[in-house]
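A.B. asks: Quick one: structure below, then a few questions.
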Amino acid sequence: MLIPSIDLMGGRIVQLVQGEKLKLAFDDFDYWIERFSKYPTVQLIDLDAAMRQGDNRELIEMICKRLPCQVGGGLRTPEDGQRLLDAGAKRVIYGSSLFNSDGVDKVFAASLKKALGEDALCFSVDTKNGKVAVKGWKDSVDLTPEEAVTWLEDYTSAFLYTHVDTEGTMQGFPMDVAAVLRSTTARQLIVAGGIKERAEVDSLDAMGVDAVAGMAVYSGAMEA
């Protein structure tokens, strides 16, 4: 399944390369909302909140009223997730807050499951140079993605894996990584990072893996 992504920064839809370099920006929200209205899930990420540089709350609430979204970016408490669910999000994405200096914060993960229910949760495991990347991909934790997924398996309905090394590059997603992660978890697995064409989405689908596409869609390289 293809999941189109809407990344928000500074009140616009943006596409970054490896989470840093701005490549594309749009403010024609109605156009993209209409384009994505046929999809059962759209991924909505507040990059400003993820980078602790403010937020795009009003835009998120507007989009959630019009599209079925899983929403993430800077969620630190169960209350943060509940506010988004109350605003119309179908599911909320937690990432950096699941990790600490010791690795995975299982106590926090358990508190999210208790407060929100695992069906409302998607846990984000992003990696850079083979290690889990956190805080807007600026820091890392000494864990492999397989280790993180294994520790978090019992607390969520889905995992979102972003391969930061290829994010926004349209160089293709590493299929071997998807295969390893698919064998690691029985939960829904969604991957992102470098997907450039429909054939990749089809190959991932054959593995039982869903795909998030951003740059390929917004640049017109892939129809969505």
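The values are calculated or read from the model by the stated rules, or taken from the named source; none is laboratory data. None of the values given here were measured: they were computed from a predicted structure. Cβ atoms come from the backbone with ideal geometry, glycine included; neighbour counts cover every protein chain shown. Accessible surface areas use protein heavy atoms only, side chains included; no ligands, DNA or RNA. Shrake-Rupley method; radii C 1.70, N 1.55, O 1.52, S 1.80 Å.
A.B. asks: Would you please name the residue that is modelled with the lowest pLDDT, looking only at residues in segment 194-216 that are of a type in the set (A, V, I, L, M) and in a loop (DSSP other than H, G, I, E, B)?
C.D. replies: Step one: filter segment 194-216 for residues of a type in the set (A, V, I, L, M), giving 195, 199, 201, 204, 206-207, 209, 211-213, 215-216.
Next, only the ones that are in a loop (DSSP other than H, G, I, E, B) stay: 195, 209.
Values: Ile195: 93, Val209: 98.
Within segment 194-216, the match that is modelled with the lowest pLDDT is Ile195.
A.B. asks: For the structure I just gave you, tell me whether Arg83 is part of a loop (DSSP other than H, G, I, E, B) and under 30 Å from Phe108 (Cα atoms). So that I can check it myself, show each step before the final result.
C.D. replies: On the way: part of a loop (DSSP other than H, G, I, E, B): no; under 30 Å from Phe108 (Cα atoms): yes.
Considered against the rule, which asks whether it is part of a loop (DSSP other than H, G, I, E, B) and under 30 Å from Phe108 (Cα atoms), Arg83 comes out as no.
A.B. asks: Additional query: Applying the selection to segment 174-186, what residues are touching a helix residue (DSSP H, G or I) at 6+ places or on another chain (Cβ under 7 Å) and either aliphatic (A, V, I, L, M) or open to solvent by 60 Å² or more (accessible area, probe 1.4 Å) (or both)?
C.D. replies: Within segment 174-186, Met175, Ala178, Ala179, Val180, Leu181 qualify.
Per-residue answers, yes or no, for (1) at pLDDT 95 or above; (2) touching a Lys or Arg at 6+ places or on another chain (Cβ under 6 Å); (3) buried (at least 20 other Cβ atoms within 10 Å of the Cβ):
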{"residue": "Lys131", "(1), (2), (3)": "no, no, no"}
{"residue": "Gly136", "(1), (2), (3)": "no, no, yes"}
{"residue": "Thr144", "(1), (2), (3)": "no, no, no"}
{"residue": "Leu152", "(1), (2), (3)": "yes, no, yes"}
{"residue": "Gly172", "(1), (2), (3)": "no, yes, no"}
{"residue": "Val191", "(1), (2), (3)": "yes, no, yes"}
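A.B. asks: Can you pull out the residues in segment 70-100 that are hydrophobic (A, V, I, L, M, F, W, C) and touching a residue at least 60 places away in the same chain (Cβ under 8 Å)? Spell out how you get there, then give the answer.
C.D. replies: Keep residues of segment 70-100 that are hydrophobic (A, V, I, L, M, F, W, C), which gives 71, 75, 84-85, 87, 89, 92-93, 98-99.
Matches in segment 70-100: Ile93 only.
A.B. asks: OK, next. Between a first residue in segment 34-47 that is over 14 Å from Ile190 (Cα atoms) and among the charged types (D, E, K, R) and a second residue that is open to solvent by less than 30 Å² (accessible area, probe 1.4 Å) and not in a loop (DSSP other than H, G, I, E, B), which pairs have beta carbons less than 7 Å apart while being 6 or more apart in sequence or on different chains?
C.D. replies: Asp46/Leu8; Asp46/Ile60
A.B. asks: State the number of residues belonging to segment 81-94 that are over 17 Å from the mean Cα position of the chain (by Cα) and open to solvent by less than 30 Å² (accessible area, probe 1.4 Å).
C.D. replies: Matching residues across segment 81-94 total 1.
A.B. asks: Here is a check on your reading of the model: is Ser219 at pLDDT 95 or above, out of contact with any Ser or Thr (no Cβ under 9 Å at 6 or more places or on another chain), hydroxyl-bearing (Ser, Thr, Tyr) and at negative phi? Show your work before the answer.
C.D. replies: Details: at pLDDT 95 or above: no; out of contact with any Ser or Thr (no Cβ under 9 Å at 6 or more places or on another chain): yes; hydroxyl-bearing (Ser, Thr, Tyr): yes; at negative phi: yes.
For Ser219, the condition - at pLDDT 95 or above, out of contact with any Ser or Thr (no Cβ under 9 Å at 6 or more places or on another chain), hydroxyl-bearing (Ser, Thr, Tyr) and at negative phi - is not met.
A.B. asks: Which residue, of Ala206, Ala216, is surrounded by 18 or more Cβ atoms within 10 Å (Cβ to Cβ) and closer than 20 Å to Pro40 by Cα? Steps first, please.
C.D. replies: Numbers: Ala206 fails: surrounded by 18 or more Cβ atoms within 10 Å (Cβ to Cβ).
Within the list Ala206, Ala216, the selection yields Ala216.
A.B. asks: Counting only residues that are at pLDDT 95 or above and part of a helix (DSSP H, G or I), which one in segment 154-170 is surrounded by the fewest Cβ atoms within 10 Å (Cβ to Cβ)? Let's see the steps before the verdict.
C.D. replies: The initial filter retains those residues of segment 154-170 that are at pLDDT 95 or above, namely 154-161.
Next, from what is left, pick out any that are part of a helix (DSSP H, G or I): 154-155.
On the way: Asp154: 12, Tyr155: 21.
Here the residue is Asp154.
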